1. Please indicate, with yes or no, whether at least one residue in the range 122-141 is surrounded by fewer than 24 Cβ atoms within 10 Å (Cβ to Cβ), assigned to a loop (DSSP other than H, G, I, E, B) and aliphatic (A, V, I, L, M).
2. Are there any pairs with C-beta distances below 6 angstrom linking a residue in the range 195-210 that is touching a residue at least 24 places away in the same chain (Cβ under 8 Å) to a residue that is in a strand (DSSP E or B) and of a type in the set (Gly, Ala, Ser), with the two at least 6 apart or on different chains, and if so which?
3. Let me spell it out: the conditions are (1) touching a residue at least 40 places away in the same chain (Cβ under 8 Å); (2) more than 30 Å from residue 166 (Cα to Cα); (3) small (Gly, Ala, Ser); (4) out of contact with any Asp or Glu (no Cβ under 9 Å at 6 or more places or on another chain), and residue 331 meets all of them except one. Which number is the exception?
4. Would you tally the residues in the range 217-242 being in a loop (DSSP other than H, G, I, E, B) and either without any contact (Cβ under 8 Å) to a residue 24 or more places away in the chain or open to solvent by less than 40 Å² (accessible area, probe 1.4 Å) (or both)?
5. So which residues in the range 156-175 are open to solvent by less than 10 Å² (accessible area, probe 1.4 Å) and either farther than 15 Å from residue 137 by Cα or part of a loop (DSSP other than H, G, I, E, B) (or both), if there are any at all?
6. Restricting to the range 327-347, what's the tally of residues that are surrounded by 11 or more Cβ atoms within 10 Å (Cβ to Cβ) and at pLDDT 90 or above?
7. Identify, from the list 89, 27, the residue that is open to solvent by less than 30 Å² (accessible area, probe 1.4 Å) and not hydrophobic (A, V, I, L, M, F, W, C).
Amino acid sequence: MMDIIHDAPAATTPRPRFIGSEIYRHSSYGAWHPLRIPRVSTVMDLTRAMGWLPTAQFINSPRAKPAALAGFHTRAYLRALQTAEAAQSVSEAIRDRHGIGTPSNPVFAEMYRRPATSAGASLLAGELLRNGGVIYSPAGGTHHGMPDRANGFCYLNDPVLGIQSLRRNGAARIAYVDIDAHHPDGVEVAFSNDPNTLIISVHEENRWPRTGALTDRGRGQVFNLPVPAGLHDDDMALIRDQVILPLVTGFRPDAIVLQCGADAVAEDPQSRLTLSNNAHWAIVAALAPLCPRYLVLGGGGYNPWSVGRLWAGVWATLCGAEVPDVLPAEAQEVLQALEWKLPMRTRHAEPHWVSTLRDAPRHGPIKDDVRQRADALTARAKVWAC
């Protein structure tokens, strides 16, 4: 068992389970940071308002202890995170070495406890999925974290820790699929040379961290698909059916980890992609029957309404709930209460961000470069299969 503060609950039901925590409700990276917005607390409130999250399916996330986090992160880095949280400051030497105390990875009140809670959820998920099932942790998906430094808003790398936990608990072959707008550089660092981990990433080209080229493959099973600005639902449907599903099926994984970052939708300020949340939900649903163990994580997402609606719909997809055309009053109140303060102004909700969960689909002709890159990965996959 992992070294956590609380004992892990026993897996007693095949129903999907949601791991969350109240630590996210009032925690913020700071007034000027993109992660100043509420996200996980919104998903918890919204799914409860919809009647989709009974107590029996909710698990309060444990906080991982340093010994568990040291499966990927260095002990020096973990000490630096804890010290920075306690002191609420870092030295120049620590900032330079470990990347904390920067504009992207600032010092804030819960800078160790919050990511350790997200990591605890992914570590616990690996244990709970020992005998199969579905776990959803919207606080997870911090895919940029590096062994010895914070990176890209990510202090710890919970997808890596979750994959390690799944493997300790009987899943030898693991497929990691990432549909965040940004490339999962930290996950690729961890597993690019591991033939028992399949990595598939669909991310915006020329977007930070500017890694994940089509030609990158490591010595393991790495398939990167950088996509152009303006990617829409029909483009993603092609990628899903021609690239993602055949690769995962051919790999025959014991577990699937899906990083379901919400920053690839049209309303998000951190990408130029134009998906609707339908595209994400379709991938969540399509991967579910391919494997007995399924861990779904959050990730990016910087518009409080679009990320809350998308991630609530992920849970609806996983637990088989019907998404209504118009949200009930209690759910609309959750969305109406959100604020999004931008530099120099406050952004107000569009009417459909409050009244609905499902976006209007965003269709269009398949882009030539999307088709060509998908074909290139398909050709590589055929060679790989041989």
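The values are calculated or read from the model by the stated rules, or taken from the named source; none is laboratory data. Bear in mind that the values here come from a model prediction, so they are computed numbers and not experimental data. A quick note on method: Cβ atoms are made from the backbone with ideal geometry, for glycine too, and the neighbour counts reach across all protein chains shown. Please note that ligands, DNA and RNA were not included when accessible areas were found on the heavy atoms of the full protein model with its side chains. Shrake-Rupley method; radii C 1.70, N 1.55, O 1.52, S 1.80 Å.
1. Within the range 122-141, none of the residues are surrounded by fewer than 24 Cβ atoms within 10 Å (Cβ to Cβ), assigned to a loop (DSSP other than H, G, I, E, B) and aliphatic (A, V, I, L, M).
2. 198/175
3. Looking at each condition in turn, residue 331 falls short on (4).
4. Taking the range 217-242 and keeping what is in a loop (DSSP other than H, G, I, E, B), we get 217-220, 228-232.
Now drop any that are not either without any contact (Cβ under 8 Å) to a residue 24 or more places away in the chain or open to solvent by less than 40 Å² (accessible area, probe 1.4 Å) (or both), which leaves 220, 228, 230-232.
Number satisfying all stated conditions: 5.
5. Correct list: 156, 157, 171, 174, 175.
6. The number of residues fulfilling the criteria is 13.
7. Working: 89 fails: open to solvent by less than 30 Å² (accessible area, probe 1.4 Å).
Just a single option satisfies the conditions, and that option is 27.
To keep it simple, each residue is scored yes or no on (1) buried (at least 23 other Cβ atoms within 10 Å of the Cβ); (2) touching a helix residue (DSSP H, G or I) at 6+ places or on another chain (Cβ under 8 Å); (3) in a loop (DSSP other than H, G, I, E, B).
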position	(1), (2), (3)
71	no, yes, yes
82	no, yes, no
94	no, yes, no
104	no, no, yes
109	no, yes, yes
